[in-house]
Amino acid sequence: MDHFLYRDGQLMAEDVAIAEIAAQVGTPFYVYSSATLLRHFQLFDDALNGLDHLICFAVKSLSNVAVLKLLGDAGAGMDVVSGGEYLRAKAAGVSGDRIVFSGIGKTHEEMRLALEGGIRQFNVESEPEMQVLSDVAVSLGKIAPITVRVNPDVDAKTHAKISTGKKEDKFGIPIIRAREVYAMAAKLPGLKVIGIDVHIGSQLTELEPFRLAYRKVAELTEQLRSDGHKISRLDLGGGLGIPYARDNNAPPLPIEYGALIKEEVGHLGCEIEIEPGRLISGNAGLLVSKVIYVKSGEGREFLIVDAAMNDLIRPAMYDAWHDIVPVIEPAAGADQTPYDVVGPICESGDTFAKGRMLPVLQSEALVGFRSSGAYGAVMSSEYNSRPLIPEVLVNGGQFAVIRQRPTFEDMINRDSIPEWM
Ligand code: LLP
């Protein structure tokens, strides 16, 4: 459920008309609903009620500092995967003891940054990383709390590019080698082993892969405890999927996911962390764009809009479906016609949808790409020298620009011409 609904013939973001935002900030832009973000965070928090837990929002899905502050103030922790994300979480006022550092390639500098600024735990993904983290911690006179991310060799049954828990994926340590790796970690002077981490992929639409993975983690917890390790925390990753198309079979709900967690690992007495991104931010965001031209091709109509693959790359990269909705509500029973919805970028991959049934639209019409809060703005680029687009946050009847649209000068002035020229 989200807060982008029609009222009096106008698409709203909560109590603000999308058309009004467009008139003020220009198109294209991203708009996020505070109410939806908070509601989705709360669903997870409620689902784990009864367990000692922390919901660590996956910053990679939507990293605007205002959004992080909204969630952080509501009690969320943060899951970060780079020094930049760590600093964003800090800038949002989240204390280090609520920030988890994930990722397979943490550098010395990132480790130092987090150890000095405070960190809840590092989720370590390899033996060399473990060694370096221990060295960095010792050099700073600190002890780094760690979990080891294990790769449970479970098929998440999701898009190949976002599946992470099979043995051929680059993530984690094979679960069959976990005991020897924990033995090594226990000997390193700069580390303190506190738990186990797992994350098997993103946009999972079934619970069964989670169950298989969490069951393996539960078994491993018992084994590691019998080896003498104190396992007091389980980080179960993110990945619960969202409905992208409204006619889709809806993925399981957070409450069902929470029940599964309780069944599989609830008896272990561990503190539970999860790292959801998409389910919190995905349906909380809309990419708003304007039709530039309607062009007739051979046997097809192209709707050329002012957003492009540089602004929302998911259709080009994962063949992802995003519902497209007109900002003016079509009359009930209005005629629909198939459009190829494309951006202005000079490659055919810059296509949002093919043969999409939409009401008849003219140039200047506004459209929204739904479910684009997660992995939308964060994956955007300036390809074709198109400046990054603004982000707007709505809260009830008010809205604010939370990232300005850069001017062309801002964009061009980041380049510099060498003196010898
Ligand atoms: N934790 C870790 C360690 C992750 O790698 C990810 C996502 C998450 C949590 C959050 O997963 P979520 O709950 O959002 O599914 N760009 C792709 C998705 C990449 C996901 C990467 N890792 C897309 O647009 O579909």
Residues (hydrophobic (A, V, I, L, M, F, W, C) and away from the ligand (no atom under 14 Å from the Cβ)) located in the stretch 103-121: Met111, Leu113, Ala114, Leu115, Ile119
Which numbered condition Tyr6 misses (of (1) of a type in the set (Phe, Trp, Tyr); (2) surrounded by 23 or more Cβ atoms within 10 Å (Cβ to Cβ); (3) closer than 21 Å to Asp323 by Cα): (2)
Residue among Ile162, Ile146 that alone is modelled with pLDDT of 95 or more and in the same structural domain as Val81 (by TED's automatic domain parsing): Ile146
Within the stretch 17-35, tally of residues that are buried (at least 19 other Cβ atoms within 10 Å of the Cβ) and not in a loop (DSSP other than H, G, I, E, B): 10
Subset of the stretch 146-193 [out of contact with any helix residue (DSSP H, G or I) (no Cβ under 7 Å at 6 or more places or on another chain), under 20 Å from Arg215 (Cα atoms), within 13 Å of the ligand (Cβ to nearest atom) and among the hydrophobic types (A, V, I, L, M, F, W, C)]: Phe171
Subset of the stretch 223-252 that is in a helix (DSSP H, G or I) and under 18 Å from Ile146 (Cα atoms) - its residue that is nearest to the ligand (Cβ to nearest atom): Leu224
Selection count where residues are away from the ligand (no atom under 14 Å from the Cβ), buried (at least 21 other Cβ atoms within 10 Å of the Cβ) and part of a helix (DSSP H, G or I), scope the stretch 194-215: 1
Subset of the stretch 67-81 [within 14 Å of the ligand (Cβ to nearest atom) and either outside the structural domain of Arg98 (by TED's automatic domain parsing) or under 13 Å from the mean Cα position of the chain (by Cα) (or both)]: Val67, Met78, Asp79, Val80, Val81
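Conditions (1) among the aromatic types (Phe, Trp, Tyr); (2) free of Cβ contacts under 8 Å to residues at least 12 places away in the same chain; (3) more than 26 Å from Ile255 (Cα to Cα); (4) touching a Gly at 6+ places or on another chain (Cβ under 7 Å), marked per residue:
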position	(1), (2), (3), (4)
Gly165	no, no, no, yes
Gly172	no, no, yes, no
Leu204	no, no, no, yes
Pro209	no, no, no, no
Asp227	no, no, yes, no
Output for the stretch 388-421, where each listed residue is touching an Asp or Glu at 6+ places or on another chain (Cβ under 8 Å), open to solvent by less than 50 Å² (accessible area, probe 1.4 Å) and within 27 Å of Tyr244 (Cα to Cα): Leu388, Ile389, Val394, Gly396, Ile402
Selected residue (criterion: farthest from the ligand (Cβ to nearest atom)) from residues of the stretch 360-389 that are assigned to a loop (DSSP other than H, G, I, E, B) and among the hydroxyl-bearing types (Ser, Thr, Tyr): Ser363
Matching residues in the stretch 280-300 - criterion: being surrounded by fewer than 22 Cβ atoms within 10 Å (Cβ to Cβ) and closer than 19 Å to Val327 by Cβ: Lys290, Val291, Ile292, Tyr293, Val294
Options Lys106, Lys157: the member that is charged (D, E, K, R), surrounded by 21 or more Cβ atoms within 10 Å (Cβ to Cβ) and out of contact with any Gly (no Cβ under 8 Å at 6 or more places or on another chain): Lys106
Selection status of Ile119, modelled with pLDDT under 95, open to solvent by 20 Å² or more (accessible area, probe 1.4 Å), under 23 Å from the mean Cα position of the chain (by Cα) and among the β-branched types (Val, Ile, Thr): no
Test result for Tyr339, open to solvent by less than 30 Å² (accessible area, probe 1.4 Å) and touching a strand residue (DSSP E or B) at 6+ places or on another chain (Cβ under 9 Å): yes
Of the criteria (1) more than 23 Å from Leu54 (Cβ to Cβ); (2) touching a helix residue (DSSP H, G or I) at 6+ places or on another chain (Cβ under 9 Å); (3) not hydrophobic (A, V, I, L, M, F, W, C), which one Gly201 fails: (1)
Condition met for Ala58 (away from the ligand (no atom under 16 Å from the Cβ) and either touching a residue at least 60 places away in the same chain (Cβ under 8 Å) or in contact with an Asp or Glu (Cβ under 6 Å, 6 or more places away or on another chain) (or both)): no
Breaking point among (1) in contact with a strand residue (DSSP E or B) (Cβ under 7 Å, 6 or more places away or on another chain); (2) away from the ligand (no atom under 13 Å from the Cβ), for Val100: (2)
Hey, Ser363 farther than 22 Å from Asp247 by Cβ and exposed (fewer than 12 other Cβ atoms within 10 Å of the Cβ) or not: no
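The values are calculated or read from the model by the stated rules, or taken from the named source; none is laboratory data. Because the structure is predicted, anything quoted here is derived from the model rather than measured. Virtual Cβ from ideal backbone geometry, glycine too; neighbours counted across all protein chains shown. All accessible areas refer to the heavy atoms of the entire protein, side chains included, with ligands and DNA or RNA removed. Shrake-Rupley method; radii C 1.70, N 1.55, O 1.52, S 1.80 Å.
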